[in-house]
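So the structure is just underneath, and the comments pick up after that.
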Amino acid sequence: MLFYNFNTLDDFIKHDLVPNVKEELKNLDNVVQVYEKKASTQPESQLKQLNSIISLAQKLIANLNEVISLYEKNVDNNFEEIKANLVEYNKQGSQLFQEILNYENQHLPNSPSVTPAINNAIDIELHPQDNNTLIISEKDQKAYLPFYYFEIEKIFNAPNNKYKCKQDIVNDLYVLPLSRFKYSSISRFRESFNLITKKEHSSITKAIDLGLELMFKYNLNPIIISACRTLEELDIYLDCLENNNLEDFDCFEIKFEVSPQIDFASHKA
């Protein structure tokens, strides 16, 4: 999304338009490639949704190419038309990413039936406290997310609570199948969107902005976004990642648990 304060749109067009539009075109091209690939592999029942996403992304690309063309021909004479195109672009951009979210939420891969390892079990009833460790378990095919205990209490005590006990909340919201993160780019967008709307309770516009910013940040594991309890934690992690100082990240501990490797050589006759 091309985000700006509408009151300063004139300045945006004069000073920031071209680099922002070119970056946006790269992101949209990536969206088209991702969903064209999906359309070639997914069942026919999903093609209508996938084709709608692809078509809308292509319309947005055409819109931005027209903006660039108008700008290069004569920015002063075409100023109002450029402005109208940008406003329309942001409206349709919101629709595009809502369609992406709808599709991804409907077609999350089913998690395998796995019994969690006993060392990863979080007994919230026995230990009513914050969990400050993220465990990414290849063995269990699950991610065990950090949480604040007061958030568990808040959900449990809410008038519309659907859970029988606090442990059910942990198991449902903070133990996620790794299959959820199979498509990294879309997972980064979805988890960023959820962080802003569900944890920060902020605007959809801000959520889409962050989602698109991180969608193609290939060195960022989407599980980390899901594990961050606040936007501040994510910002700290991104700073550490950017500076190649992940050892300085101390908002929560990150542990990786790999499946045991079978030594075939030791079984040779």
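Each reported figure results from applying straightforward, stated rules to the coordinates on display, with no laboratory input. Bear in mind that the values here come from a model prediction, so they are computed numbers and not experimental data. Reconstructed Cβ throughout: ideal geometry from the backbone, glycine too, with neighbour counts over all protein chains shown.
Only Lys, Arg, Asp and Glu count, each charged at its Cβ (+1, +1, -1, -1), so figure out the dipole size of region 118-257 about its Cα centre, rounded to 20 debye.
The calculated dipole for region 118-257 is roughly 780 debye.
Once you order the gyration tensor axes a ≥ b ≥ c over the Cα atoms, which shape class does region 124-268 get: rounded for a/c under 1.5, otherwise prolate or oblate by comparing a/b with b/c?
oblate
Past 25 Å, Cα to Cα, is the threshold; run LYS48/LYS217; LYS199/LYS255; LYS91/LYS198 against it and keep the listed order.
Working: LYS48/LYS217 28 Å; LYS199/LYS255 23 Å; LYS91/LYS198 22 Å.
From LYS48/LYS217; LYS199/LYS255; LYS91/LYS198, over 25 Å: LYS48/LYS217.
Roughly how many whole Å is it from the C-alpha centroid of region 157-174 to that of region 30-97?
Cα centres, region 157-174 to region 30-97: 40 Å.
Through the Karplus equation 6.51 cos²θ - 1.76 cosθ + 1.60, θ set to phi - 60°, convert the phi angles of region 81-89 into ³J(HN,Hα) values in whole Hz; use x for Gly and Pro.
Working through the residues one at a time gives 5, 4, 4, 4, 5, 5, 4, 5, 4 Hz.
How would you classify region 6-106 from its alpha-carbon gyration tensor, with a ≥ b ≥ c the square roots of the eigenvalues: rounded for a/c under 1.5, else prolate if a/b is greater than b/c, otherwise oblate?
Details: a/c = 2.97, a/b = 2.40, b/c = 1.24.
Judged from the Cα gyration tensor, region 6-106 comes out prolate (a/c at least 1.5, a/b above b/c).
What number comes out for the charge environment of LYS255, summing +1 per Lys or Arg and -1 per Asp or Glu over other residues with Cβ under 15 Å away? Write down the numbers at each step before the final one.
Numbers: positive: LYS139, LYS142; negative: GLU138, ASP140, GLU247, ASP250, GLU253, GLU257.
Within the 15 Å Cβ shell, the charges total -4.
Taking region 122-160, which chymotrypsin sites (Phe, Trp or Tyr not before Pro) meet the DSSP loop condition and have no more than 14 other C-beta atoms within 10 Å?
When the chymotrypsin sites (Phe, Trp or Tyr not before Pro) of region 122-160 are filtered for loop state and at most 14 Cβ neighbours within 10 Å, TYR148 remain.
Is there a pair in LYS142/LYS206; LYS139/LYS166; LYS22/LYS59 whose C-alpha atoms are over 18 Å apart, and which pairs would that be?
Cα-Cα > 18 Å for LYS142/LYS206; LYS139/LYS166; rest within.
Long-range amide H contacts for ILE254: which residues qualify at under 5 Å (H placed 1.01 Å from N, peptide plane, sequence gap of 5 or more or a different chain)?
Result for ILE254 returns LEU134.
Please turn the phi angles of region 178-193 into ³J(HN,Hα) values with the Karplus equation 6.51 cos²θ - 1.76 cosθ + 1.60 (θ = phi - 60°), one per residue in order, whole Hz, x for glycine and proline.
5, 4, 4, 10, 4, 9, 4, 4, 5, 5, 4, 5, 5, 5, 5, 4
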